[in-house]
Amino acid sequence: MIAAFALILVCQLFGEVVSELFDLPVPGPVIGMVLLFIGLLVKRKPPKVLTDAADNLLIHFSLLFVPAGVGVVTQIDRLKGDWLPIAAALTISTLLTMVLTALLMSKLFPKQDTAEKMEDAQ
Amino acid sequence: MNEADITQLWVYLSAKPLTGLTITLVAYAVGFWLYQKSNRNPICNPVVIAIALIALLLNVTGTPYATYFEGAQFVHFLLGPATVALAVPLFRQTATLKRALPVIVFGVLFGSLVASASTVILAWALGASPETLASLAPKSVTTPVAMGIADEIGGVPALTAVCVIATGIVGATLGPMVMNKARLKDWRARGFAMGVAAHGIGTARAFQVNETAGAFSGLAMGLNTMATALTIPFLWHWIFG
């Protein structure tokens, strides 16, 4: 378990260093994720300790958003001024993205798995 | 114990990292309990409940966010390693990835671009400030990465966190209804769209509805995280200088 967490941290540290060194606008942990993904592709069969450690980190992934989300208390003034554009843009854009992407992908995916189509929309 | 004693006790406790950390875990546990009580209704989102409870507590006790964060930073820190760990569920989709790679890459780039361009254009048309626009642009990727992108392009990471979570909830609650209206019946396409538009919160929802949709949503979320982090900062600096 310790080795697995150490490996994850090493990937992150590598990502942070690369991001800083080359002045990349990509966040360090994303570079770390790409590195780990490439490592897994090369290794083909990932060790169970690593997949367990990753799964444990991700089970309550949403808990990790709480401290940042509480930061909303520091943004009340900004939200007061911009709440309408924020709410409207968020809602319309999210639903638009979803419908357009789903339309595109239902045209592009190969028509093989007919069994996986839903019987009727719920 | 009189009121002065209680105030003094709170002043002592609130200066300890333990308090912020404990409050975070307890508030989330309450939120998760309510979520399960409501039969996993996406409106009872544990993150939203936890944030609301803590914000209320900070407000009532007059505690500054910075004091709370002294303790909460230990939870916040784990966002980095958890982002790296996303490589593992992504790796589990390798077989799917290989089968339809060009289609999937095209779909992710398309969705990533529509998500940020449509938000920025709409918010700009409605008169949002430049910082708000930069904070909204990465709203469809998972919080830690979105905050990192917002920071790079001149947004406010704290505002981005709020927008990302709101996006996830809108996508998870209204998304399936809108896709039903549009007569979209392919589980793969529906899941994929959910992951691109509504990141982790949408993926959690997709898994509840259908296993195939969940797997495609997780795949799309992981790839969209990469695609957005790799394209938006460059596009932003290129367009806005």
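So here's what we get for this one:
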| item | result |
| --- | --- |
| Tail fraction, Cα-Cα pairs, the protein assembly as shown, threshold 34 Å, whole percent | 24 percent |
| Within chain B: Cβ-based charge dipole about Cα centre, in debye rounded to nearest 20 (Lys, Arg +1; Asp, Glu -1) | 1180 debye |
| Distribution of pairwise C-alpha distances over the range A:1-61, 10 Å bins, in % | 23, 50, 24, 3 |
| Dipole of the protein assembly as shown [Lys/Arg +1, Asp/Glu -1 at C-beta], most positive-end residue of B:231, A:5, B:203 | B:203 |
| Cα-centre dipole for chain A with unit charges at Cβ (Lys and Arg positive, Asp and Glu negative), debye to 20 | 300 debye |
| A:14, A:22 arranged by Cβ crowding within 10 Å, fewest neighbours leading | A:22, A:14 |
| Gained length - residue B:125 relative to residue B:8, 0.36 nm times residue gap less alpha-carbon distance | 37.2 nm |
| Gaussian network model of chain B, Cα within-10 Å springs - most flexible of B:194, B:177, B:221 | B:177 |
| Where labels lie 7 Å past Cα in the beta-carbon direction, separation of residue B:56 and residue B:22 in nm | 2.0 nm |
| Sites residue A:52 and residue A:74 - FRET efficiency at Förster radius 30 Å, r taken between beta-carbons, to 0.05 | 0.25 |
| Gaussian network model of chain B, springs between alpha carbon atoms under 10 Å - residue of B:157, B:144, B:17 with greatest fluctuation | B:17 |
| Table column - 3J(HN,Hα) (Hz), the range A:9-24, Karplus curve with 6.51, -1.76, 1.60, x for Gly and Pro | 5, 4, 4, 5, 4, 4, x, 4, 5, 4, 4, 6, 4, 9, 6, 7 |
| Candidates B:51, B:153, B:165, ranked by Gaussian network fluctuation over chain B, Cα under 10 Å, top entry | B:51 |
| Cross-link table A:43/B:185; A:48/B:16; A:80/A:107; A:43/B:181; A:48/A:107; B:98/B:139, entries beyond 32 Å C-alpha to C-alpha | A:43/B:185; A:48/B:16; A:80/A:107; A:43/B:181; A:48/A:107 |
| Per-residue ³J(HN,Hα) for the range B:98-109, Karplus 6.51 cos²θ - 1.76 cosθ + 1.60, θ = phi - 60°, Hz, x for Gly and Pro | 5, 5, 10, 3, x, 4, 5, 4, 4, x, 5, 4 |
| Exposure proxy order (Cβ contacts within 10 Å, fewest to most) of B:76, B:199 | B:76, B:199 |
| Phi to ³J(HN,Hα) by Karplus 6.51 cos²θ - 1.76 cosθ + 1.60 over the range B:4-16, Hz, x for Gly, Pro | 4, 4, 5, 4, 5, 4, 5, 4, 5, 5, 5, 7, 8 |
| Most positive-pole-ward Cα, B:156, B:113, A:46, against dipole of the protein assembly as shown from beta carbon charges | A:46 |
| Debye, to nearest 20: dipole size of the range A:1-61, +1 on Lys, Arg Cβ, -1 on Asp, Glu Cβ | 420 debye |
| Structure-based [θ]222 nm, chain B - -39500 (n - 2.57) summed over DSSP H runs of at least 4, per residue, nearest 500 | -27500 deg cm²/dmol |
| Cα centroid of the range B:17-32 to Cα centroid of the range A:1-64, whole Å | 26 Å |
| Under DSSP loop assignment and at most 14 Cβ neighbours within 10 Å, longest trypsin sites (Lys or Arg not before Pro)-free interval of chain B | B:41-182 |
| Mean projected area (nm²) of the alpha-carbon convex hull when chain B is viewed from all directions | 15.4 nm² |
| Spin-label model distance (nm) - residue B:183 vs residue B:99, 7 Å beyond Cα toward Cβ | 2.6 nm |
| Degrees, to the nearest 10: B:46-61 long Cα axis against longest axis of chain B | 30 degrees |
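Read the figures in this text as sums done on the coordinates, not as results from a lab. Computed from a predicted model, the values in this text were never measured in an experiment. Glycine also receives a Cβ, built like all others from the backbone with ideal geometry; neighbour counts cover every protein chain displayed.
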